[in-house]
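Q: Pasting a structure here, questions to come.
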Amino acid sequence: MALGKELPSNVVLLVLRLVVGGNLAWLHGWDKLHHFAAKAGSYPDPLGLGSKYALVLAVAGEFFAAILMATGFLSRIAAFFVSVTTALTLFWILHGTPWKAREVWELYFAASMTILLLGSGRFSLDSLVWKKLG
């Protein structure tokens, strides 16, 4: 397939990765990382691991994996972790809250699942790294 025909989908994946990964990392992950000590004792624990470890997993998914997803490096693995983190937030932590309060998490989940299924596209670090190694 010629680059011209696949260019629009690659641009869409680039924009999706940058916007979703960047927003998730900046608006949610960074706050948890920056205020880790204050949140560690009271963070919701949907998996029964303890609040501190639940927060570690949330930071891993919402900050570190979101940055990897945004840059397109190990993006399918990162998108998997973002998907799991957002699904836990959406279906366990926010369960029973009004849908309007959960809507942003549904969008994060849908976007990360899209990247998980489609990959990062041509304009990503994955494409650059794996092309050079191949």
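The values are calculated or read from the model by the stated rules, or taken from the named source; none is laboratory data. Because the structure is predicted, anything quoted here is derived from the model rather than measured. Please note that ligands, DNA and RNA were not included when accessible areas were found on the heavy atoms of the full protein model with its side chains. Shrake-Rupley method; radii C 1.70, N 1.55, O 1.52, S 1.80 Å.
Q: Per residue, how much accessible area does the chain show when a 1.4 Å probe rolls over the protein heavy atoms, in square angstrom? Spell out each step's value before the answer.
A: Numbers: 7850 Å² over 134 residues.
Per residue, the chain has 59 Å² of solvent-accessible surface.
Q: Round to a whole number: what % of the accessible area of the chain belongs to carbon and sulfur, probe 1.4 Å?
A: Values: 5670 of 7850 Å².
Here it works out to 72 percent.
Q: Only helices at least 18 Å long along their own axis, judged from Cα atoms, and with Kyte-Doolittle mean hydropathy of 0.0 or greater: name those in the chain from DSSP H.
A: Details: long enough: 3-23 (29 Å, 1.01); 75-88 (19 Å, 1.44); 99-118 (28 Å, 0.70).
Both cut-offs are met by 3-23, 75-88, 99-118.
Q: Next up: Which option, (1) 17.6, 63; (2) 16.0, 48; (3) 15.9, 54, is the value of Rg and Dmax of the Cα atoms in Å that was calculated from these coordinates?
A: Matching the structure shown: (3).
Q: Would you calculate a helix-derived [θ] at 222 nm for the chain, using -39,500 (n - 2.57) for each DSSP H run of n ≥ 4 and dividing by the full residue count, to the nearest 500? Before the final figure, lay out the partial values.
A: Values: 8 runs with 89 residues, N = 134.
It comes out at -20000 deg cm²/dmol, rounded to the nearest 500.
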